[in-house]
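Read through the structure below, which is laid out as structure tokens, and then see the notes.
The values are calculated or read from the model by the stated rules, or taken from the named source; none is laboratory data. Everything quoted here is computed from the prediction, not taken from an experiment. Heads up, the Cβs are rebuilt from the backbone with ideal geometry, glycines too, and the neighbour counts pull from every protein chain shown. Quick note on the areas: whole protein, heavy atoms, side chains included, nothing else; ligands and nucleic acids left out. Shrake-Rupley method; radii C 1.70, N 1.55, O 1.52, S 1.80 Å.
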Amino acid sequence: MTAVRSLTVVVNNASDAQIAVNYGQLTGGGWENGTQPVPGSVISAGSNTFVNGAEDAFTSLGGTILLTPASGGTITLTWSWPRGSGVTGATTGNSLTGLAVASTVINTQSMNPQMQVYIVDSNALTAFAAK
């Protein structure tokens, strides 16, 4: 598929944790060129990219990816880009042990915004805040 409109989810794993993909589900559009999350695959250190796209400018995009760290808990990534509205994205960590998550959506005025997700060791945040 050649996407006219797409949202790229970039998961940046800067932690020491092993994080597995539980599932990825779309509410609109399709996964572009084999970028769909594969259940059971590991989110490796560095940048991992998933692209939700559409072949026209009018198709709504959206979805959820559920990640499961080996240390327990879950990380839920959700995004939505309805026809005629702005793009939104959120990341939620539930019962995480030793990890912190955050996200932001950039390039929201383009046809190809990015949802950038950051997963870090929570002790790294503690050390940073102590400085």
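Quick look at the values:
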item: Extension gain from Thr64 to Ala20, taking 0.36 nm per residue of separation minus the Cα-Cα distance; result: 14.4 nm
item: Within a Gaussian network of the chain (alpha carbon springs, distance under 10 Å), most fluctuating of Ser95, Ser44, Ser103; result: Ser95
item: Nearest-20 debye value, the chain charge dipole, Cβ charges on Lys, Arg, Asp, Glu; result: 200 debye
item: Geometric extent, Cα atoms of the chain - Rg, Dmax (angstrom); result: 15.0, 49
item: Karplus 3J(HN,Hα) series, Hz, for segment 79-89 with 6.51 cos²θ - 1.76 cosθ + 1.60 (x for Gly, Pro); result: 8, 8, 9, x, 4, x, 10, x, 7, 10, x
item: Computed FRET value (nearest 0.05) for Asn33 with Ser71, which takes r as the C-beta separation and R₀ as 35 Å; result: 0.65
item: Estimated FRET transfer efficiency (Ser85, Ser122; beta-carbon r; R0 35 Å; 0.05); result: 0.55
item: Share of carbon and sulfur in the accessible heavy-atom surface of the chain [1.4 Å probe, %]; result: 51 percent
item: 1.4 Å probe accessible area per residue over the chain, in Å²; result: 50 Å²
